[in-house]
Structure formats: structure tokens, C-alpha cells
Amino acid sequence: MIQASAPAKIILVGEHAVVYGQPAIAVPVSALRATVTVESTADACHIIAHDLDKRRITLGDTDDPLAILMRHVIAEIGISPPKLALHLRSDIPIASGLGSGAATSTAVARALCRYANYDMPVERLNALVYEAEKSYHGTPSGIDNTVIVYETPIYFVRDKPIERITNREPLLLLIADTGQPSLTKKAVGDVRHLVEEQRETIYPIVEKIGGITQSAREAMQQADLSRLGTLMLDNHRHLQTLTVSSPMLDSLVDTAIAHGALGAKLSGGGRGGNMITIVTADTQSAVTNALRRAGASHVFSTVVESTP
Ligand code: PMV
């Protein structure tokens, strides 16, 4: 059986500012994955999205991001379109800041490569998934596809070579879903208008977020988790100024802090989707229960392992 998969991701610090060339840190969430199983059929290459009412995506679907991706990958491999059904299943909630689009694209591209016995260089895979990301997001920074394709914590600056992060102490994160789907493209567009209309007040906020990301990287290198937590909260306050928080996100952040979390913030595009909070083994269950009581539709934990 030919199968391929890719993880979800979460942005630790730096979202939105990353669109303007500032650094951001993202980590993979390996427990949540998109998986593709390849089946030979009599029909032209198509995807069956089992978690989306078995929606069928064919190679000819002009604007569909996964169709665009399949066309690019098949051209890159240099084969004629194979007769295949690609069965796509995903544990990753959509439109919630967990990189569902980039993860499904990566899994589909890997499945096609595996089927064709083609060893695509990871940089090319990343570039092709980025092309598909454009049709979801408009002008994505490229952070989602990069952290998902490389599946390692990254310090990401747009159009720069990726840098892996040294993380001296495992990070215990809770990810809480507001249950409110939100379109990143809209939030990114609104921030762009804000930057254009009020550049003098808003651009310094973007730069401050970049500074927070640099400090967060140092905190991870020094295993200073309480500093990392404080930086995450500062980052959340700046994201509020950029208008991408929401009453629900603010309430979940306040709840986490009130129950002993080291830090908390919205993650991803904002306005809905997910928030993240950094906890310890001692505070994990109190914070989880409090987030559920505060209305989070789903709370799960993930560990960012230490890296050399
Ligand atoms: O909503 P997500 O997790 O896909 O994150 C988007 C991150 C932004 O910085 C808001 C946009 C981008 O392209 O980097």
C-alpha cells in the first residue's frame, strides 16, 4: 500500500508580522496528520476527500488548490497523468490555524512522488506546496508549508533560508479551539489595510512582534520557559492592536493565565481558530479544564521536543 502523510503546525510567535519580513517561530504538531492512500483505478487522477463528504477533486478543477498542486507535481515528475484515486483523510481541523491546507497539499504531493518512485528534493516540494498555498491565502508568507514540509521547529523569515531552532527544554503546549472558523486571507488583508492606512502607529507594532520572536528564540535556547510565556502574552497584546483577536480568544487567553499557564496567545490568522498556551505538568489539567469551561470546543496537548 502506498501512503504518505504530513503533520499539522502551530505558530508559537510572530504571525502576521512575518508577512512583512519579520521572523516567526512555528512548530509541527505531529500527532495531528493529513494522510493520503493511493489506489489504482480506471479513472483519471483524482482525490477523494473523505472528511469533506467524500468530495471529489479532479485534475481539471481549475481553481482548486489541490488540483493545482496535483498538476504541478505531475509536471515536475514528468509523467503523464496516472489513473489513481488518492484517498485523503485528515485529523486537522480546517480554517483554524493548524495548517490544514499545507498539510493536505504536502501529503498529496508526497503520495504522488511515492507512487512514481520519484525522490523530489525537499526544497522543491516546499516550493510546490507554497504555490498551492497561494490559492488558499493570497499572499502567504510561506511559514505554514515550510514547517510542515520540514516537520521541525523553525525560525522563519520570508524569502530567507530556513533556520532550525535549538530548544533546550521540551515545551508542553495546549491548543484550544474557539470553535469559530476564520479565514486567514481576510485577517491578513485587514492587517494590510491597517498598515497602509496607519503606517506610523501600526508598523512599529509589526517590528515589536519581530523583536518578541527574536527574544523567544533566545528563551528557547536558554530553557527559560517563564520568559517565553511572558513573550507570548506580549505578542497577544500586539495582535489585539492589529485587530486579529476576538472576544473568545481574549477570554481563553485570560482564563489560561488565571489558572497558572506561563503564557498564552492566539495562534495563526486569528479572529477565531485556535489559541495556544504554555503550561507545566503541574498546571496542565487545571488549565485544560478551565479552557473547556470557558467554551473551548476542543483542547489538546502537544509537546515540542527538545532539539540539539
Ligand atoms: O492561520 P494560519 O495558521 O494559516 O497562519 C497564518 C499566519 C499568518 O502570518 C497570519 C499569515 C502568513 O501567511 O504567514
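The values are calculated or read from the model by the stated rules, or taken from the named source; none is laboratory data. Values in this document were obtained by computation on a predicted structure and should not be read as measured data. All Cβ positions, glycine included, derive from the backbone under ideal geometry; neighbour counts span all protein chains shown.
Details
- Single unsatisfied condition, Val303 versus (1) on the phi > 0 side of the Ramachandran plot; (2) surrounded by fewer than 22 Cβ atoms within 10 Å (Cβ to Cβ): (1)
- Residue check, Thr184 within 16 Å of Ser30 (Cα to Cα), hydroxyl-bearing (Ser, Thr, Tyr), under 16 Å from the mean Cα position of the chain (by Cα) and crowded, with 18+ Cβ neighbours inside 10 Å: no
- Breaking point among (1) modelled with pLDDT under 95; (2) part of a strand (DSSP E or B), for Ala42: (2)
- Residue within segment 126-145 that is in contact with a helix residue (DSSP H, G or I) (Cβ under 6 Å, 6 or more places away or on another chain) and more than 16 Å from the ligand (Cβ to nearest atom) present: yes
- Filtering Leu239, Leu194, Leu172 for residues that are over 23 Å from Gly142 (Cβ atoms) and not polar (S, T, N, Q) leaves a single hit, Leu172.
- The residue of segment 49-86 that is farthest from Leu125 (Cα to Cα), among those that are part of a loop (DSSP other than H, G, I, E, B) and among the acidic types (Asp, Glu), is Asp53.
- In segment 150-164, residue surrounded by the fewest Cβ atoms within 10 Å (Cβ to Cβ) [restricted to those that are modelled with pLDDT of 95 or more and within 12 Å of the ligand (Cβ to nearest atom)]: Val157
- Of all the residues in segment 171-206, those that are within 14 Å of Leu239 (Cβ to Cβ), away from the ligand (no atom under 11 Å from the Cβ) and out of contact with any Leu (no Cβ under 9 Å at 6 or more places or on another chain) number 0.
- Residue selected from segment 3-13 under the condition near the ligand (Cβ under 8 Å from one of its atoms) and β-branched (Val, Ile, Thr), by the criterion surrounded by the most Cβ atoms within 10 Å (Cβ to Cβ): Ile11
- Counting only helices (runs of 4 or more DSSP H) that sit completely within segment 213-308, those holding 1 or more residues that are in contact with a Lys or Arg (Cβ under 7 Å, 6 or more places away or on another chain) and under 26 Å from Pro7 (Cβ atoms) correspond to 225-241, 247-258.
- Members of segment 14-26 found to be within 11 Å of the ligand (Cβ to nearest atom) and in a strand (DSSP E or B), listed by number: Ala24, Ala26
- For segment 172-192, the condition of being among the aliphatic types (A, V, I, L, M), touching a Phe, Trp or Tyr at 6+ places or on another chain (Cβ under 8 Å), closer than 20 Å to Leu262 by Cα and not in a helix (DSSP H, G or I) holds for at least one residue.
- Answer residue from segment 107-149, given it is outside any helix (DSSP H, G or I) and at pLDDT below 90 and is surrounded by the most Cβ atoms within 10 Å (Cβ to Cβ) among those: Ser141
- Of all the numbered requirements in (1) over 30 Å from His193 (Cα atoms); (2) touching a Gly at 6+ places or on another chain (Cβ under 9 Å); (3) hydrophobic (A, V, I, L, M, F, W, C); (4) touching a residue at least 40 places away in the same chain (Cβ under 8 Å), Ala67 misses one, and that requirement is (4).
- Across segment 84-125, the qualifying residues are those that are hydrophobic (A, V, I, L, M, F, W, C) and within 14 Å of the ligand (Cβ to nearest atom), and the one among them that is nearest to Lys186 (Cα to Cα) is Ala95.
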